[in-house]
Structure formats: structure tokens, C-alpha cells
1. Mind listing just one residue for me: the one in the stretch 43-62 that is more than 19 Å from residue 130 (Cβ to Cβ) and small (Gly, Ala, Ser) and, of those, surrounded by the most Cβ atoms within 10 Å (Cβ to Cβ)?
2. Would you check if there is a residue in the stretch 105-128 being surrounded by 18 or more Cβ atoms within 10 Å (Cβ to Cβ), in contact (Cβ under 8 Å) with a residue 60 or more places away in the chain and in contact with a Pro (Cβ under 6 Å, 6 or more places away or on another chain)?
3. Looking only at the stretch 121-159, how many residues end up being within 16 Å of the ligand (Cβ to nearest atom) and modelled with pLDDT under 95?
4. With respect to residue 98, determine if the residue is in a helix (DSSP H, G or I) and at pLDDT 95 or above.
5. Within 16 Å of the ligand (Cβ to nearest atom) and not β-branched (Val, Ile, Thr): is that true of residue 84 in this structure?
6. If residue 20 passes every condition in (1) at pLDDT 95 or above; (2) farther than 18 Å from residue 113 by Cβ; (3) more than 8 Å from the ligand (Cβ to nearest atom); (4) not in a strand (DSSP E or B) but one, which one does it miss?
7. Just for the stretch 94-120: of the residues that are β-branched (Val, Ile, Thr) and more than 16 Å from the ligand (Cβ to nearest atom), which one is nearest to residue 23 (Cα to Cα)?
8. What's the total number of residues in the stretch 115-132 that are outside any loop (DSSP other than H, G, I, E, B) and hydrophobic (A, V, I, L, M, F, W, C)?
Amino acid sequence: MSKVNVLFVCLGNICRSPLAEGIFRQRVNEKGLSGRFEMDSCGTAAYHIGKHPDSRSVANAKQNGVRYDHYARQFEVKDFYDFDFIIPMDDANYEDIVSLRPKGAKAEVFKMRYFDTLEINSDVPDPYYGGEQGFQEVFDILNRSVDELIEYLLGKSNK
Ligand code: 4NP
């Protein structure tokens, strides 16, 4: 069975999307599903290319039991062919991605909170200019949305 390739996208690729990727990877490993998925993350903007995730985000995740690392990169049109699912964090990321979509590209695009059972289809708020509480809010949103996302992707890939 071929792997499902999932790409998480935010603006800078230093706060939300690398954390989404990190939580997703950890949860997939815990479920014994690491052979079923490949995951990556990127940003729509070029501001932070090559940087590690924001230290506030990494510290918050560690407190919540998740460790991860990443080198920021920018979204490229090629990603539409390399990934099966592209998961933007907010409406702005969604619009930016969809506006670049080549005709016939295979990837499907869903906002992250399409999979949030508590508050469907809102944005994952950008925590960059806020305080510690914002990072915890982002963690909680991603943490509870990831299981539903995994279930959805398994359902799709089993068809
Ligand atoms: P992210 O957060 O999109 O979740 O990585 C941001 C990171 C950097 C900036 C904005 C948002 N920035 O303006 O530099």
C-alpha cells in the first residue's frame, strides 16, 4: 500500500505548521501507523527559510510531551504533485495555496480545522505576536484535530 503524503502549511513555517507536523508524526507513531504516512510542512511566505521552529512553540510543545524539529521552507507549486493532502492553517494560507493550484494537480486541500470536532473550519490562530497562552491554544487545537485527520486519511486511503 502506498504511503499517504501530507503537507501542513502556515505563513512562516516556524509556529503552527511544524507543530502540526510534529504532533501528527508523534500520533501516527503511537498508533503504529508510521509505515502509512509521510509528512512535511512549509510556509506560504519566505521570511524564515532555513530556520528552526520558534523557540516558544518548541518549549510549549515540550511541556505538552511533544518534541520536534524542522527547517523552514516555502511552499512550491511542485508540492501539488508531491503530496496527496495539503492542510493550511487559516483562510489566508488556504487562499494562497489554492490560487497557485495547477489544473489537474492531484493534491486535495483542507483547512486544518475542517478536522476540529469542537469548532469546525475556524482558523488556527497565528500565535507569533502573542503570548504563551496563544501557543497553548494552538497546541490544543492541533492536538484535538489530528486524530480526526488521521481517521479521515485512513478512510480515504483504504478505498
Ligand atoms: P506561523 O507564524 O505562520 O505559524 O509560522 C508566523 C511566523 C512568522 C510570522 C508570522 C506568522 N512573521 O510575520 O514573521
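The values are calculated or read from the model by the stated rules, or taken from the named source; none is laboratory data. If you're wondering where the values come from, they're calculated on a predicted model, not measured in any experiment. Note: ideal-geometry Cβ built from the backbone for every residue, glycine included; neighbour counts use all protein chains shown.
1. In this case the residue turns out to be 46.
2. No, that holds for no residue.
3. Within the stretch 121-159, residues that are within 16 Å of the ligand (Cβ to nearest atom) and modelled with pLDDT under 95 number 3.
4. Spelling it out, residue 98 is indeed in a helix (DSSP H, G or I) and at pLDDT 95 or above.
5. For residue 84, the condition - within 16 Å of the ligand (Cβ to nearest atom) and not β-branched (Val, Ile, Thr) - is not met.
6. Here residue 20 meets the rest and fails (2).
7. To start, the set of residues in the stretch 94-120 that are β-branched (Val, Ile, Thr) comprises 97-98, 109, 117, 120.
Going one step further and asking which of them are more than 16 Å from the ligand (Cβ to nearest atom), we end up with 98, 109, 117, 120.
Working: 98: 25, 109: 19, 117: 17, 120: 19 Å.
My answer is 117.
8. 1
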